[in-house]
Structure formats: C-alpha cells, structure tokens
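Trainee: I have a structure here, written as structure tokens, and I will follow up with some questions on it.
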Amino acid sequence: MTDVTRAKNGRPVHHWRRDVVELAALFTAVAVADAVANLIGHGPDGPALLLVSAVLLLATAAFHTWWARRHGHAPPASDTGARPGSLERAGSGTSPEDGEGTPEGVSGQSTLWRLRTTVRDEPGSLAALCTALAGHRVDILSLQTHPLGHGTVDEFLLRAPRALPAGEITRAVALAGGTGTWIERADAHDLVDAPTRILGLATRTALDAAELPLALRQLLGRCTIRQLPAARTEGAEDAVPAEGVLEDTVLRLRAPEGGVITVERPYLPFTPTEFARARALVELDSRLGPRVPRGEDVLTLPEGEAITVRRADTGDVAAAKEMHGRCSSRTLSLRYHGPVGDADRYLNHLLSPRYGRTLAAETASGRIVALGHLLWDGDETEVALLVEDAWQGRGIGSELLGRLAGMAAEAGCASVYAVTQASNTGMVAAMRGLGLPLDYQIEEGTLVITARLETAAVAGRPAVGD
C-alpha cells in the first residue's frame, strides 16, 4: 500500500524484490566461501582451489557489473504505476505538452540550432552526416542543399537536447566529413520552410518598396546592406553587370532606380543559391517600380483640429521643402545637426522608400506640418522627427514616433535609436513617451537614445499604410 501511494505521488519507491535477491546472493556467497575455506584447509589441492576461487570471484564481479549497466538502477514504469517521463517534466518545470514531438531522451527540453556545413559531392556524404547527428540524438527538422563546384553546402534546422553543447555538434559534424561548419541558435520563426518564407518576403516587397532592404536581410540572415545612389557610384554601377556580382562574402546588385546595392556578410560566404534568390527579389522590385501603400489615419488634436497621418515618399519633396521654409533655424539645426542651408539636400534620401519609411502629418488643406522618418542603418534602425514650429507641443511628434516604433517592431527590429542634442527636450520627451526601456549615451552635447522594442508594448499602436 505504501509503495503504490508513493509511486503515484512521483516519489522514489523501495523495491523489496531487489533486496531479496541481494540477500540471497549474500548468503550463497558466505556458504561458498565457507566450503572453499574447508577444502583449502583440509584438502591436498588447497593452492589450486584458491586460484580457481579467485577466477570465479572475478567472473562473478564482471557479470554483476555488466548486469547493473544493462538494467540500470531505475525500476521500469510498470513497477511504480507512474507515467513515463513525469519526473523529468516535473524537474524541468514544463508541461507534458512541451515534450510532445521531441526526440526520445530529451525530456521535453531541447534547443533549436541552424547549422551549415560543406560536404563532398559524392554518394554517402550526407548519410554519414545524418548518422553522426542521430548518434547524438539530434533531430533534423529541415534541410536545404546549396550545390557548389567542389561540394555541397548543407543547411540544417536541428533540434538537439538542451544539455548538448554546440561544440559537441560541430565536432560530430567534422568527424563525419563536414568542413567550414557554422552554427547559431534558431527560434520558432525558422520552422517555416524555405519556399513559404521566400514567397512571404516577395509579397512584402511587392506591396511596399521600403521592404526590399528588410526582405534581403531576412533572406540572407545577419548582414549589412548599403545602397549608393547613381550620383555617388562614380562608375561603380558600370563595373557591376546587370546580373550582379558574387564575391565570397559580398553581393553586388544593380539597384532598380540606379546605383548599386551591396550586401556584406563577413562571417559566412554566400552561396550561388542565395545569390540567385537575392537577385530575384531585386528584379521583382525593379519590375514593379515605385510604390508606397496609401493609407491614412486621422488624429484629433487636443484643440479639436484634425490632422491626417499618411505614408510619404519622394513625391512629397516639394511639400517638405515648403515646410522647411516655415521652420526656424533652431528647429532645423536640432533635426539635422549641421548647416541649416543644407537641410533640403537630405530630403530626396530621407523620403526614398529604399532607405526606410516616412510618415507625414498634414492639415485638412494638404499642408505638411511634420515628418517622421524610420531609416534602415545597417543592422540598426534610426528614428527622426521634424515638427513645424507652429505645431510643436501638440503631441504630433509623439504620435508619429509611436507609429514608427510599431513599424520597426513589425519589421523585426530589436531596437530603434534617435540622435539629437541634449537640449532637445521635445525629442527626449517623445522617446520617453514610448514606454519602452531606454539607453542614453551622451558625448560633447550629442545625445543618442536607444529604445529596446517590445512587441507587446507597441503592438497596439495603429500602423499607417500597411
């Protein structure tokens, strides 16, 4: 009764059958030892019998060791009445559902990994690699192959026991013939198969020209994307053929509107397959031409006046220049951190969807009174605001900034940063109004405020033009 109750409570159970067997073995050993002692003491072949006894003792010890390793010390589940694996789940703090679909022996605790390695292009190479992973109880969830001239690059999505370190996985891959191995943590988003993910990126690119840099980044992983306009390439565009250039860890593609798009990934060479996918996205963007989603959101200011927030692009350059003319020199200097006379030069770049997204706030008469920019800056994302003097202090900047932060979170950005001056209290207040964790860095009067985006905190803000 006591044994059954403890088993149902998940506690260790004392097994009387094992104790009986061990006690019987002990009495048998004592009897045999007594008989051997009598033979040695009274018989003529005492030394020989002693040697035989030693051999039998060693054989018995070896058999006991083999038996213990084969059956272990844990009783079978049928002895306890408990469900298999219940103790492991209780210890890990996970629910029973967490263990469903995981490899046997992982006990509901596993880690997702993305692994890439190069194998010889010959029969059996991939099989040897899979066998090595299986030997460490690593489950292969998906596999992509990238053929090369000298071999094949295999990219895996793996689910491995949490206790198995990355170094052990790469060591097993190397012993199986893999070279140039690279591994990093993955998450649930990587469970989407490659064709579905690429079609989704193509759809986003088709709907909004501003999505091209983000689509390339999500397609190729952690990389730095730069685009030089045609006016600044100085012959570099002619050096890049229409089909683009693949140079190990660098891709160069012709931009749809002129200039060159450069993609760099120093830690991992690009494959011809990745190059072809990137080129297809750029070609799709080029065929569709300039496009920005047309959406509007009407805000009612505290004074009761209605303001429309919408996406802006290079078609709004003239209206933006007019707004510059109505702004004071101090407002422009706080925004651009340089000579006020050069402010208009930045507008073509800032309003281009190739470099980010822009929101405009305009009055009922169509006059732009504020601009908010979300700029793709390599692996980081910058936010910037410009509000006409007569419309400052009415919450327009905060509204634009909140929407820009929401766009950045939807695009998968981990943070946004603003570069301003320490005396720009309006921008500081707007960043604090996001309600997100902030980091401050100040040097020689320049203030950089970084907001770490939390999807739940910005998901409720309305998007414009999406």
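Trainee: Mind pulling up the Rg/Rh value for region 287-342? Radius of gyration and Kirkwood radius, both on Cα.
Mentor: Looking at region 287-342, the ratio lands at 1.08.
Trainee: For the pair K321 and A364, how long in nm is the line joining their label points, each one 7 Å along Cα→Cβ?
Mentor: 3.0
Trainee: Find out how many positive minus negative residues lie around P165, taking Lys and Arg as positive, Asp and Glu as negative, among other residues whose Cβ is under 13 Å from that of P165.
Mentor: +2
Trainee: What's the carbon and sulfur percent of region 328-383's accessible surface, probe 1.4 angstrom, rounded to a whole number?
Mentor: Answer for region 328-383 is 45 percent, counting heavy atoms of protein chains only.
Trainee: Leaving out ligands and nucleic acids, and using a 1.4 Å probe, what accessible area per residue does region 292-357 come to in Å²?
Mentor: 49
Trainee: Ok, one more. What number comes out for accessible area per residue over region 166-221 if the probe is 1.4 Å? Units Å², please.
Mentor: 47
Trainee: Turning to a different aspect of this structure: So what does I442 come to for accessible area, using a 1.4 Å probe and Å² rounded to 10?
Mentor: My reading of the accessible area for I442 is about 110 Å².
Trainee: Only residues of region 344-375 count here: report those whose backbone N is under 12 Å from the spot 7 Å along Cα→Cβ of E257, or say none.
Mentor: Backbone N within reach: 347-358.
Trainee: Take the Cα of Q421, step 7 Å along the line toward its Cβ, and report every residue of region 318-356 whose backbone nitrogen sits under 16 Å from that point.
Mentor: Under 16 Å, as judged by backbone N against the label point of Q421, lie 327-343 of region 318-356.
Trainee: Something else: Identify the residues of region 364-390 with backbone N under 13 Å of a label point that sits 7 angstrom from the Cα of R330 along the Cα-to-Cβ direction, or state none.
Mentor: Within reach of a label on R330, which here means backbone N under 13 Å from a point 7 Å along Cα→Cβ, region 364-390 contributes 389-390.
Trainee: Next up: When a/c is below 1.5 the answer is rounded, else prolate if a/b is larger than b/c, else oblate, so apply that to region 129-239 with a ≥ b ≥ c taken from the square roots of the Cα gyration tensor eigenvalues.
Mentor: Prolate shape, in that a/c is at least 1.5 and a/b is the bigger ratio.
Trainee: Which FRET efficiency, nearest 0.05, do Y267 and T28 yield, Cβ-Cβ r, R0 45 Å?
Mentor: 0.10
Trainee: What FRET efficiency comes out for A188 versus D377 if R0 is 25 angstrom and r is the Cβ-Cβ distance? Round to the nearest 0.05.
Mentor: 0.35
Trainee: Taking the Cβ-Cβ separation of E303 and L438 as r and a Förster radius of 22 Å, what is the calculated FRET efficiency to the nearest 0.05?
Mentor: 0.15
Trainee: Then there's this: Could you please report the charge total around G135, scoring K, R as +1 and D, E as -1 over all other residues with beta-carbon less than 13 angstrom from its beta-carbon?
Mentor: So the environment of G135 carries a net charge of 0.
Trainee: Here's a follow-up. By the gyration tensor of its Cα atoms, with a ≥ b ≥ c the square roots of the eigenvalues, what is the shape of region 326-455: rounded for a/c under 1.5, prolate for a/b over b/c, or oblate?
Mentor: rounded
The values are calculated or read from the model by the stated rules, or taken from the named source; none is laboratory data. Computed from a prediction, not measured in an experiment: that's the story for all the values here. Because the Cβ atoms are built from the backbone with ideal geometry, glycine has one as well, and the counts that use them run over all protein chains shown. Just so you know, the surface numbers come from the protein's heavy atoms only, side chains and all, with ligands and any DNA or RNA stripped out. Shrake-Rupley method; radii C 1.70, N 1.55, O 1.52, S 1.80 Å.
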